[in-house]
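One structure is given below, encoded as structure tokens.
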Amino acid sequence: MHRRLLTLAWSSSQAGGTLAIGATAWLLSGLTPSPLVNGMLPALATLPLLLPLPLRIRLGYLIQLLSLLLLLAVASGLLGRSVLSPLLGIALLAVGLRLAQEPLQRQLHGLWAVPIGELRAGAEAGRLVGNLLTALLFPLGKALLQLGSALVLLLPLAPVIGALQAGNPCLQGSAAHLDSEALRLEPSGVLQGLLFGGLFALLPLWVRQEAAGNCFDFGLVLTAYGLGRTGAEAWGLRLPPRLPYLLMAAVLVATQFVGGWGAVVLFVPFGLLAALADTSLAIGMDPAGDLQRNWNRLERSSALGGLLGSLGMGLIAQVLGLAGSLPIQLLAFLGAGALLPLLQRLRR
């Protein structure tokens, strides 16, 4: 199979997964105004990253298909307006992604020599497309069209997985192996995960209730954020460790005074600053060590922080209201600007 077709199928699946999560987050925010319930969705999407699940490509792919069929039933109204069904659908999708993505990427690289850099770029492009489709498809057919398109975007992986299985019946893998080094958590990564988990868990509600926006606006905010993250790597920028957090707090304040397209555009520099903060943490973990290993540990640590941040900020907003949670978010970013560089210096 041609390498570019493999990369395209991989990228298409990333777009489908991103579109499904974005569409379901917006759908859930319309079913219930509860910040705590809305915070459960990103928590469930993150939880499988922390579990030693078996790495099985075909099983993971089938679970992803099943999850999208369930979410389509929710979008069509067949399952009523219960919040449990979309939460279950996202939980299944996250489990399927956890089972399949890592071994599939490894097989594409190892068996068919698709460069890792090309796979990462394809995944990033797919996520951007998924976020953009979240915005563009909503005015045309709302959640039903969004989730149906997510299913279609996932289908090109089927022949790829079939070809892999035919070429190597033993590729399905086994239980995920996590050595003691991989299980170590990075405190700075957990703290950063708390920040972003708390912020993005409530973003659909913010757009819907505080900004009086719709899913088109929500998808554009996510797309702007993704563009900013991509730009950070392309430009190779570096900033002092505490500066990105202080600037992100300033951007969040600015979004309260700039309406419409201005608020959307502000998420481009916000995404850029978030990527710079990630890079600073990954390099600072072990400057002389394996950078990829640093990134893996940061991802796992951030996943735990994101889970706690989603639930924690959901609970805070449940008690104080959405407007009352914003000052806490700002204080958290300002505090991170002071605390995270200190944690990095202490671990050295």
* Using θ = phi - 60° and the Karplus form 6.51 cos²θ - 1.76 cosθ + 1.60, what ³J(HN,Hα) does each residue of the range 192-205 get, whole Hz, x for Gly and Pro? -> 5, x, 4, 4, 6, x, x, 6, 7, 4, 9, 4, x, 5
* Determine the distance separating the Cα centre of the range 133-166 from the Cα centre of the range 240-284; give it in Å without decimals. => 31
* Asked: Rounded to the nearest whole Å³, what is the per residue volume of the convex hull around the Cα atoms of the range 1-87?
  -> 114
* Structure fact -> With the charge dipole of the chain built from beta-carbon charges (+1 for Lys and Arg, -1 for Asp and Glu) about the Cα centre, the Cα from Leu108, Ala121, Leu239 projecting farthest to the positive end belongs to Leu108
* To do: For the range 112-129, take each phi angle, set θ = phi - 60°, evaluate the Karplus expression 6.51 cos²θ - 1.76 cosθ + 1.60, and give the result in whole Hz per residue in order, putting x for glycine and proline.
  => 10, 6, 7, x, 4, x, 5, 5, 5, 5, x, 5, 5, 5, x, 5, 5, 5
* Probe 1.4 Å - accessible area at Met40, Å² to nearest ten -> 70
* What relative contact order, as a whole-number percentage, does the chain give when Cα pairs under 8 Å and 6 or more residues apart are counted? -> 27
* To do: Starting from the Cα of Val258, step 7 Å along the direction of its Cβ; do the same at Leu320; then give the gap between the two resulting points in nm.
  => 2.5
* Asked: Under a 5 Å amide H to amide H cut-off, with H placed in plane at 1.01 Å, what residues pair with Leu53 once short-range neighbours are removed?
  -> Ala176
* Asked: Residue farthest toward the positive end of the dipole of the range 194-281, with Cβ of Lys/Arg at +1 and Asp/Glu at -1: which of Leu220, Leu205, Ala263?
  -> Ala263
* Per residue and in cubic angstrom, what volume does the convex hull of the Cα atoms of the range 34-135 have? -> 124
* **Derived scalar couplings ³J(HN,Hα) [the range 93-104; Karplus, 6.51 cos²θ - 1.76 cosθ + 1.60; whole Hz; x for Gly, Pro]** => 4, 5, 5, x, 5, 5, 5, 9, 5, 4, x, 5
* Tell me, how many Å apart are the Cα centres for the range 96-121 and for the range 1-69? -> 17
* Structure fact -> With only helices counted (DSSP H, runs n ≥ 4, each -39500 (n - 2.57)), the per-residue ellipticity at 222 nm for the chain, to the nearest 500, works out to -26500 deg cm²/dmol
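Suppose R0 equals 30 Å. What FRET efficiency, 1/(1 + (r/R0)^6) with r the Cβ-Cβ distance, do Leu51 and Arg238 give to the nearest 0.05? Could you put the intermediate results ahead of the total?
Values: r = 34 Å, r/R0 = 1.15.
Efficiency, from the Cβ-Cβ distance: 0.30.
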* Structure fact -> the range 1-154 accessible area per residue, 1.4 Å probe, protein heavy atoms, integer Å², reads 41
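If r is the Cβ-Cβ distance from Ala212 to Leu78 and R0 is 25 Å, what FRET efficiency results, to the nearest 0.05? Write down the numbers at each step before the final one.
On the way: r = 30 Å, r/R0 = 1.19.
That pair, Ala212 with Leu78, gives E of 0.25.
The values are calculated or read from the model by the stated rules, or taken from the named source; none is laboratory data. Quick caveat, the model's predicted, so the values are computed rather than measured. Every residue, glycine as well, gets a Cβ built from its backbone with ideal geometry; the counts of neighbours run over all protein chains shown. Accessible surface is based on the protein model in full, side chains and every heavy atom, while ligands, DNA and RNA are left aside. Shrake-Rupley method; radii C 1.70, N 1.55, O 1.52, S 1.80 Å.
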